[in-house]
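What follows is a set of notes on a single structure, which appears directly below.
The values are calculated or read from the model by the stated rules, or taken from the named source; none is laboratory data. Because the structure is a prediction, the values reported are computed rather than measured. In this analysis, Cβ positions are derived from the backbone assuming ideal geometry, glycine residues included, and neighbour counts consider all displayed protein chains. Calculation scope for accessible area: heavy atoms of the full protein, side chains included, ligands and nucleic acids excluded. Shrake-Rupley method; radii C 1.70, N 1.55, O 1.52, S 1.80 Å.
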Amino acid sequence: MDLFGVSMIIPLLSHHVKHLGASPTVAGIVGSTYGILQLFSSTIVGGWSDVVGRRYSLLTCLLLSSLGYGLLGLSSSITLFVIARIPVGLFKHSLSICRALLSDLVSETERPLVMGHFNAASSVGFILGPVVGGYLAEHEGGFYTSSFTCAAIFLLNAGLVWMLPWSEALVKRTDANSNSHICEICPDHNATKNGAYQNGSSQGNNHHSVPKEELPEPGASPTPGKPPSALTRWRHVSLLQPAWRQLASVVSRIRLVATSDMWDLFLVRLLMAIGIMLYYSNFTLAMEERFSIKPKVTGYLISYSSTLGALAGCLVGPVTALYGKDMPALLLHSTVLTCGLIFLYAAAPSVGQVVVSSTFFAISTTIGRTCITDLELQRGGLQASGTLIGAGQSVTAVGRILAPLLSGLAQEVSPCGPPSLGVLLALSAAILLMFRIPKWSGRGKTKTAKL
């Protein structure tokens, strides 16, 4: 529902900005506002969700995002448009918090499968949204109708979050975490279905998570044998905690992530993010210039690739089982495959070869995204899952800022310039993984992090 609402708006933004009278330069600056805000807010909001709990942070993000999209429906000038994009840029992190929430709820062995299904559901929303948004745009005031519809969807999502059975999950997880002295509202930290985290350590995993003593306690420990109600604990942890203490906790978590030895994973994420964005950056224009394919036909090809990406999310579980849960090896192989497919597209002599590359490209990138998120959580520990996922989103936001610039420079050379540069970046990521994976402990499955 989240991406269904957002994808109704995204294709219409540039047209609406130009309709408001913005020049191409101003439109570009306005368009970059969202990415810049996401760059700085992703890690902060992710860390904040670790401190105050997923429910409070998720509700806040959904409600303020709804406000932003509602203001977008009222934007009759460039100034109002920019103002409307600010709350969305700062607080549109609902999907990141949902990923952190899922990592809290499931065991490490189940996580790739569940994340794959989550990505598949997200892709379905992104496929359907542009269709509905395009239909609404054909009518008078279509952009404003789409904006208000998106705002209503976020309000509905907030209502669903409020209605989720948090108290029932809290009681179950309090029993599993009775010795860990962590009292976030459930389903907010550490314990997994199989009781993976007890007494501040991870059982069955050979990596280190954030030390318990380094985590700020957002509330008092629950009374043994009598866990408080979800609403009571939520208020105690989230609403009555001083803002300065929340900020100090967030800064502490960000510092731990920044000083951890996870630079290689974040660098791989950055290189692959830019490479994938370069693949798509001038796809429509390149298909027209290279093969005289009309944008309408190219749109069908993109929709075909997106549909395969959604279906590929369901393949993550079986593929990881085939690899014996060896996520580093799976990440390396998916990175090499992605690199080869970008090269196949860049050197394609016919449309048929482009279709083949697009078919497997959607599958390899879906598996790669799931792998790198899972490895970040393995090496960083679930106690900082929100901070880690937020940091990953910030790295991706850097890619969103750099990719258009690199794409423009590469297109000055050739229509095949952007994907050719993407090949070099993906190849660099693969080489980096080849050198770094042997250094990770646990026979390449996890790595001891300073977290």
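Projected label points at residue 248 and residue 140, each 7 Å from Cα along the beta carbon direction, are separated by 5.9 nanometres.
When the surface is traced with a 1.4 Å probe over the full set of protein chains, residue 92 keeps roughly 20 Å² accessible. The phi torsions of the stretch 127-134, fed into the Karplus equation with coefficients 6.51, -1.76 and 1.60 and a -60° offset, translate into couplings of 6, 7, x, x, 5, 5, x, x Hz, rounded to whole numbers, with Gly and Pro shown as x. When 269, 290 are compared by accessible surface with a 1.4 Å probe, the order from highest to lowest is 290, 269. Of the peptides 406-417, 143-154, the ranking by mean beta-carbon count within 10 Å, highest at the top, reads 143-154, 406-417. Annotation for the stretch 259-315 versus the stretch 80-139: alpha-carbon center distance of 17 Å.
Please list 344-355, 275-286 highest first by mean number of surrounding beta-carbon atoms within 10 Å per residue. Please report the intermediate quantities before stating the final value.
Values: 344-355: 15.9, 275-286: 21.6.
Ranking, from highest mean packing down: 275-286, 344-355.
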